[in-house]
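Engineer: Supplied in structure tokens, the structure appears directly below.
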Amino acid sequence: MNNKGKVYIAGAGCGDEQLITLKLKNIIKRADCIIYDRLINKNILRYAKKNTELIYMGKESTEGGKLQEDINRLLVEKGKQNIIVLRLKGGDPFVFGRGGEEIERLVEEGISFEVIPGISSSIAVPAYAGIPVAHRGINASFHVFTGHVKIDRDELDFPIIAKLGGTLVFLMGLSNLGKITENLMKNGKDRNTPVAVIKEGTTSKQEVYEGTLKDISEIILKNNVKPPAVIVIGETVNLRNTMKWFEEKPLFGKNILVTRNMEKQGDISDRINELGGQAISLPSIKIEYIDFEMPNLSEYKAILFNSVNSVTGFMEKVADMRQLKDVKIGAVGEKTAEELRRYKIIPDFFPNEYTGDRLAEECVNFTEEGDKILFSLSDISKIDDEKYTELYNRKYKKLTVYRTLKIKNTRTDSEEAVKKSDILMFLSSSAFEAFAGSLGLDKIEGNDNIRGILNGKIIASIGPVTTRTIEKYGLKVGIEAEKYTEEGLLEKIIKSV
């Protein structure tokens, strides 16, 4: 092998974005180019570098054909550029994923490669449905087949398959379900053998249909079940009533639109995921830290931080933390206080109501008349330092440490994200205003053309300030946090759904 490049052929797991390996996460962070499939959860792409080239090469069917040739050609082209190339496939690259074909082409061209296994839907999807593929006392094996073959041509050896004692798992076989069950029964499989068809497994929209070989096709037809789905055949299906767990999570069945900046989406998205929901990513704002001139901190008796980003932007510019030794520190909310603790600073105070007004008022209890107080904030903050100066007889001054930039998503992307979502979550006024701009939503007037898209969607707001902004657009907020944090909003959503 020569050193023209390194290509990683990797499996991204299925559905649940947390079903990726630590090794894959590390490679995503390093990759210069990512070539990804249709069935991956796109949320995992948030780990990529800002300048990573992202190339979608998904097949709309599993036939492959000419598109697979195009993929092979692209892998060779990128692999010769002496960069890190990640070929990202759903599930595992070798479980009917055509990873072997891609590797053969790389070998022909002398391009270095590595394989990163992925969690296959053949085991993950049954597990999320509460169905173990193997269980002591019931079976000692499980067998995985592709259901997307020309069954009429005997590409699957049903006389042998029907005699297998373990669990049978068929991937990509929903369109052939009738032929699969018919051939199994014709070759001696008990017609009362339990069967489960799991649609959109490991996602918040997972649906499980149970039956037997003799009636599962009728059940699927009656419920108009569409792919993707995994078929599980065997006695372990009966364990589902005891072992199902995923559907019991509090946010199961709910897709939640997350519009906050990409850098901070991970925490809230992971939390939604842990609660059984699915975060739909549509970053609407971008945080840009600016190169400001740090004032003489010895002149100030207190420094107030009204957001997590105000802490980050400020602290990164402090040359020597000892400058803060006698300065009182105030923070809006627990998350801001938590960010301060990252810098080994415990805030002296933060008000029960998470607003800049209350923070300025609370600061009075820790300073004296005439003291200078510094407010670290963003360029769009509505902090009124002149009002506070007059009201509290202290000298408040604003220090802008970052900019909040609106992201203009395409209207098509915005509409698609809304359609996928059940709940639209907004953690700031600026995020909503950017979202509204991308969607073509105007204040009060001109909203009729998109009301159909928002119809039936629950709007969730982090607090009164954001709620008032949303209401200016003629929209109704269905859920408002009692504690003005993202965790507080999630708690309120769980109580409300």
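The values are calculated or read from the model by the stated rules, or taken from the named source; none is laboratory data. This structure is a prediction, so every number in the text was calculated from the model and none was measured. Counting neighbours? That spans all protein chains shown, and the Cβs are built from the backbone with ideal geometry, glycine included. Just the protein is used for accessible areas: all its heavy atoms, side chains included, with ligands, DNA and RNA removed. Shrake-Rupley method; radii C 1.70, N 1.55, O 1.52, S 1.80 Å.
Engineer: Would it be correct to say that residue 304 is modelled with pLDDT under 95, touching a strand residue (DSSP E or B) at 6+ places or on another chain (Cβ under 8 Å) and either surrounded by 14 or more Cβ atoms within 10 Å (Cβ to Cβ) or closer than 17 Å to residue 366 by Cβ (or both)?
Structural biologist: On the way: modelled with pLDDT under 95: no; touching a strand residue (DSSP E or B) at 6+ places or on another chain (Cβ under 8 Å): yes; either surrounded by 14 or more Cβ atoms within 10 Å (Cβ to Cβ) or closer than 17 Å to residue 366 by Cβ (or both): yes.
In short, no.
Residue-by-condition table, conditions (1) open to solvent by less than 80 Å² (accessible area, probe 1.4 Å); (2) outside any helix (DSSP H, G or I); (3) hydroxyl-bearing (Ser, Thr, Tyr); (4) touching a Phe, Trp or Tyr at 6+ places or on another chain (Cβ under 6 Å):
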{"site": "39", "(1), (2), (3), (4)": "no, yes, no, no"}
{"site": "51", "(1), (2), (3), (4)": "no, yes, no, no"}
{"site": "70", "(1), (2), (3), (4)": "yes, no, no, no"}
{"site": "75", "(1), (2), (3), (4)": "yes, no, no, no"}
{"site": "78", "(1), (2), (3), (4)": "yes, no, no, no"}
{"site": "85", "(1), (2), (3), (4)": "yes, yes, no, no"}
{"site": "97", "(1), (2), (3), (4)": "yes, yes, no, no"}
{"site": "102", "(1), (2), (3), (4)": "yes, no, no, no"}
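Engineer: Give 430, 414, 496, 438 a once-over and let me know the one that is hydroxyl-bearing (Ser, Thr, Tyr), under 17 Å from residue 261 (Cα atoms) and out of contact with any helix residue (DSSP H, G or I) (no Cβ under 6 Å at 6 or more places or on another chain).
Structural biologist: Values: 414 fails: out of contact with any helix residue (DSSP H, G or I) (no Cβ under 6 Å at 6 or more places or on another chain); 496 fails: under 17 Å from residue 261 (Cα atoms); 438 fails: out of contact with any helix residue (DSSP H, G or I) (no Cβ under 6 Å at 6 or more places or on another chain).
The unique qualifying residue is 430.
Engineer: Another question, then. Can you work out which of the residues in the range 229-255 that are touching a Ser or Thr at 6+ places or on another chain (Cβ under 8 Å) and charged (D, E, K, R) is farthest from residue 192 (Cα to Cα)?
Structural biologist: 254
Residues are listed down the side, and each one gets a yes or a no for (1) in contact with a helix residue (DSSP H, G or I) (Cβ under 6 Å, 6 or more places away or on another chain); (2) of a type in the set (Lys, Arg); (3) closer than 26 Å to residue 259 by Cα:
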{"residue": "299", "(1), (2), (3)": "no, no, no"}
{"residue": "305", "(1), (2), (3)": "yes, no, yes"}
{"residue": "310", "(1), (2), (3)": "no, no, yes"}
{"residue": "335", "(1), (2), (3)": "yes, yes, yes"}
{"residue": "338", "(1), (2), (3)": "no, no, yes"}
{"residue": "363", "(1), (2), (3)": "no, no, no"}
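Engineer: Also: Select, from 156, 106, 168, 164, the only residue that is within 27 Å of residue 199 (Cβ to Cβ), outside any loop (DSSP other than H, G, I, E, B) and touching a residue at least 12 places away in the same chain (Cβ under 8 Å). It would help to see each step written out before you state the result.
Structural biologist: Values: 156 fails: outside any loop (DSSP other than H, G, I, E, B); 106 fails: within 27 Å of residue 199 (Cβ to Cβ); 164 fails: outside any loop (DSSP other than H, G, I, E, B).
Unique residue meeting the criteria: 168.
Engineer: State which residue is farthest from the chain's Cα centre (by Cα) when the search covers only the range 322-333 and only residues that are more than 18 Å from residue 402 (Cα to Cα) and surrounded by 19 or more Cβ atoms within 10 Å (Cβ to Cβ).
Structural biologist: Out of the qualifying residues, it is 328.
Engineer: Scan the range 463-497 residue by residue and report those that are among the charged types (D, E, K, R) and over 19 Å from the mean Cα position of the chain (by Cα).
Structural biologist: 468, 471, 472, 476, 480, 482, 483, 492, 495
Engineer: Does the range 240-261 hold any residues that are closer than 19 Å to residue 121 by Cβ and open to solvent by less than 40 Å² (accessible area, probe 1.4 Å), and which are they?
Structural biologist: Listed by number, the residues that qualify are 240, 246.
Engineer: A further question follows. For residues that are touching a Gly at 6+ places or on another chain (Cβ under 8 Å) and modelled with pLDDT of 95 or more, scanning just the range 459-480, find the one that is farthest from residue 425 (Cα to Cα). Step through it out loud before you land on a result.
Structural biologist: Restricting attention to the range 459-480, the residues satisfying the condition of being touching a Gly at 6+ places or on another chain (Cβ under 8 Å) are 459-460, 462, 480.
Next, from what is left, pick out any that are modelled with pLDDT of 95 or more: 459-460, 480.
Values: 459: 6, 460: 5, 480: 10 Å.
Residue satisfying both the conditions and the ranking: 480.
Engineer: Residue 293 - would you say it is surrounded by fewer than 15 Cβ atoms within 10 Å (Cβ to Cβ), more than 28 Å from residue 497 (Cα to Cα) and touching a Ser or Thr at 6+ places or on another chain (Cβ under 9 Å)? Reasoning before the result, please.
Structural biologist: Working: surrounded by fewer than 15 Cβ atoms within 10 Å (Cβ to Cβ): yes; more than 28 Å from residue 497 (Cα to Cα): yes; touching a Ser or Thr at 6+ places or on another chain (Cβ under 9 Å): no.
No, not satisfied.
Engineer: Show me the helices (runs of 4 or more DSSP H) found entirely inside the range 233-322 where at least 2 residues are more than 24 Å from residue 354 (Cα to Cα).
Structural biologist: Working: elements: 240-243, 265-274, 308-315.
Per the criteria, 240-243, 265-274.
Engineer: Among 357, 422, 371, 384, which is the only one that is of a type in the set (D, E, K, R) and under 21 Å from the mean Cα position of the chain (by Cα)? Please lay out each step first, then the result.
Structural biologist: Details: 357 fails: under 21 Å from the mean Cα position of the chain (by Cα); 371 fails: under 21 Å from the mean Cα position of the chain (by Cα); 384 fails: under 21 Å from the mean Cα position of the chain (by Cα).
Residue meeting the stated conditions: 422.
Engineer: Of the numbered conditions (1) among the aliphatic types (A, V, I, L, M); (2) open to solvent by 50 Å² or more (accessible area, probe 1.4 Å); (3) in contact (Cβ under 8 Å) with a residue 40 or more places away in the chain, residue 319 satisfies every one except a single condition; which is it?
Structural biologist: So residue 319 meets the others, but not (3).
Engineer: Looking at the range 344-369, I want the residues that are small (Gly, Ala, Ser) and have a partner that is assigned to a loop (DSSP other than H, G, I, E, B) with Cβ atoms under 8 Å, at least 6 apart or on another chain. Which pairs are those?
Structural biologist: Once the first residue is small (Gly, Ala, Ser) and sits in the range 344-369, its partners that are assigned to a loop (DSSP other than H, G, I, E, B) give 356/306; 356/332; 356/381; 356/382; 356/383; 360/383.
Engineer: Are there any pairs, at least 6 apart or on different chains, whose C-beta atoms fall under 6 Å, with the first in the range 456-476 and closer than 23 Å to residue 357 by Cα and the second part of a loop (DSSP other than H, G, I, E, B) and of a type outside the set (Gly, Ala, Ser), and if so, which?
Structural biologist: Sorted first by the residue in the range 456-476, then by its partner, the pairs are 461/477; 462/427; 462/484; 463/484; 467/477; 470/477; 472/443.
Engineer: Look through the range 346-365, keep the residues that are in a loop (DSSP other than H, G, I, E, B) and farther than 20 Å from residue 317 by Cβ, and return whichever of them is most open to solvent (accessible area, probe 1.4 Å). Reasoning before the result, please.
Structural biologist: Going residue by residue through the range 346-365, those that are in a loop (DSSP other than H, G, I, E, B) are 346-348, 350-355.
When the remaining residues are screened for being farther than 20 Å from residue 317 by Cβ, the result is 346, 348, 350-355.
On the way: 346: 129, 348: 68, 350: 75, 351: 10, 352: 156, 353: 74, 354: 35, 355: 33 Å².
Ranking the candidates gives 352 first.
Engineer: In the range 177-229, what residues are of a type in the set (Gly, Ala, Ser), at negative phi and open to solvent by 30 Å² or more (accessible area, probe 1.4 Å)?
Structural biologist: 178, 217
Engineer: Right, another one. Restricting the search to the range 175-210, which residues are under 20 Å from residue 246 (Cβ atoms) and either of a type in the set (A, V, I, L, M) or without any contact (Cβ under 8 Å) to a residue 24 or more places away in the chain (or both)?
Structural biologist: Going through the range 175-210, the residues under 20 Å from residue 246 (Cβ atoms) turn out to be 194-210.
Answer for the range 175-210, where residues must be under 20 Å from residue 246 (Cβ atoms) and either of a type in the set (A, V, I, L, M) or without any contact (Cβ under 8 Å) to a residue 24 or more places away in the chain (or both): 195, 196, 197, 198, 207, 208, 209.
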